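Take a look at the structure set out below.
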Amino acid sequence: LFGFGNILKTLGLQKGFFTGLVFALIAVSPMLISSAVIERINENLDVFMLLRSTLFAGFTEELFYRGFLFGILFRKLGWGFIPASVIGALFFGLGHIYQGATPGETAGIFLITALGAAWFAWLYVEWKNNLWVPVFLHILMNLSWTLFDISTNALGGWYSNLFRAITIALTIIITLRYHK
């Protein structure tokens, strides 16, 4: 749509790699530490599954849903944040419903992943369109979920959601204080 000359800039990948990495390491540390203490390492884990579920899924989903879909609608076409993030959230949520075994579980997975998509979009914008922020958050959150035997889907359990909520709260607090 806009040529390949500025593709990294258009997507938000030209700068902020280390900012995104450090921010994500700090913010996701409650999930990683609690998972290491409370849960056990996934016995069915192999290197391919770990790479596919963390690096590949986190990077490609953020590239497509935030960098491309949300980024084009919000930054290039001038849509407001809410309509652009809702469109991205709907597609992101739909992309995860395969994880549900029952209608209720499927609805919960859709809701939690759609809300996560809107949260990632907010972080993307607040960190000056730095896609590395949601990329590394997504990768490290998936790492916690995959490395440790937390859940077979995005819903998780009581403890995993408590520490996921702490991670989300940390990202909001750090983002608001950093940009104050």
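The values are calculated or read from the model by the stated rules, or taken from the named source; none is laboratory data. Here the structure is a predicted model, which is why all the values come from computation and not from measurement. Here the Cβ positions follow ideal geometry from the backbone for every residue, glycine too, while neighbour counts run over all protein chains shown. Calculation scope for accessible area: heavy atoms of the full protein, side chains included, ligands and nucleic acids excluded. Shrake-Rupley method; radii C 1.70, N 1.55, O 1.52, S 1.80 Å.
At pLDDT below 95 and aromatic (Phe, Trp, Tyr): which single residue out of Phe68, Phe59 fits that description? Even if it seems obvious, please write down each step before you answer.
Numbers: Phe59 fails: at pLDDT below 95.
Within the list Phe68, Phe59, the selection yields Phe68.
Could you pull out every one of the helices (runs of 4 or more DSSP H) wholly within the stretch 1-80 that has 3 or more residues that are over 20 Å from Arg164 (Cβ atoms)? Before you say what the answer is, go through the steps one by one.
Values: elements: 7-11, 17-38, 47-51, 57-61.
Where helices (runs of 4 or more DSSP H) fall fully within the stretch 1-80 and carry at least 3 residues being over 20 Å from Arg164 (Cβ atoms), they are 7-11, 17-38, 47-51.
Among Ala101, Ala118, which is the only one that is of a type in the set (Gly, Ala, Ser) and over 19 Å from Gly20 (Cβ atoms)?
The conditions single out Ala101.
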| query | Give me the pairs: first residue in the stretch 96-108 and closer than 22 Å to Thr60 by Cβ, second residue aliphatic (A, V, I, L, M) and open to solvent by less than 40 Å² (accessible area, probe 1.4 Å), beta-carbon distance under 8 Å, and six or more apart or on different chains, which are they? | reply | His96/Ile109; His96/Ala154; Ile97/Ile109; Gln99/Ile109; Gln99/Ala154; Gly100/Ile109
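Quick check on the stretch 45-66: of everything there that is charged (D, E, K, R) and touching a helix residue (DSSP H, G or I) at 6+ places or on another chain (Cβ under 8 Å), which residue is most open to solvent (accessible area, probe 1.4 Å)? I'd like the intermediate steps shown before the answer.
Filtering the stretch 45-66 for residues charged (D, E, K, R) gives 46, 52, 61-62, 66.
So of that shortlist, the ones also touching a helix residue (DSSP H, G or I) at 6+ places or on another chain (Cβ under 8 Å) come out as 61-62, 66.
Working: Glu61: 42, Glu62: 0, Arg66: 3 Å².
It comes out as Glu61.
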| field | So Ala154, is it closer than 25 Å to Ile173 by Cβ, free of Cβ contacts under 8 Å to residues at least 60 places away in the same chain, in contact with a His (Cβ under 9 Å, 6 or more places away or on another chain) and of a type in the set (Gly, Ala, Ser) | value | yes
| request: Check Leu73, Leu21, Leu69, Leu32 and return the single one that is in contact with a helix residue (DSSP H, G or I) (Cβ under 7 Å, 6 or more places away or on another chain) and within 16 Å of Gly156 (Cα to Cα). | output: Leu32
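Select from the stretch 3-43 the residues that are of a type in the set (Val, Ile, Thr) and open to solvent by 100 Å² or more (accessible area, probe 1.4 Å) and write down the one among them that is farthest from Arg177 (Cα to Cα). Explain how you work it out, then say what you get.
Looking only at the stretch 3-43, we keep the residues that are of a type in the set (Val, Ile, Thr), and these are 7, 10, 19, 22, 26, 28, 33, 37-38, 41.
From what's left, open to solvent by 100 Å² or more (accessible area, probe 1.4 Å): 33, 37, 41.
Details: Ile33: 24, Val37: 29, Ile41: 35 Å.
Per the criteria, the residue is Ile41.
For residues in the stretch 147-180 being among the β-branched types (Val, Ile, Thr) and open to solvent by 20 Å² or more (accessible area, probe 1.4 Å), which is farthest from Ser85 (Cα to Cα)?
Top of the filtered list is Ile150.
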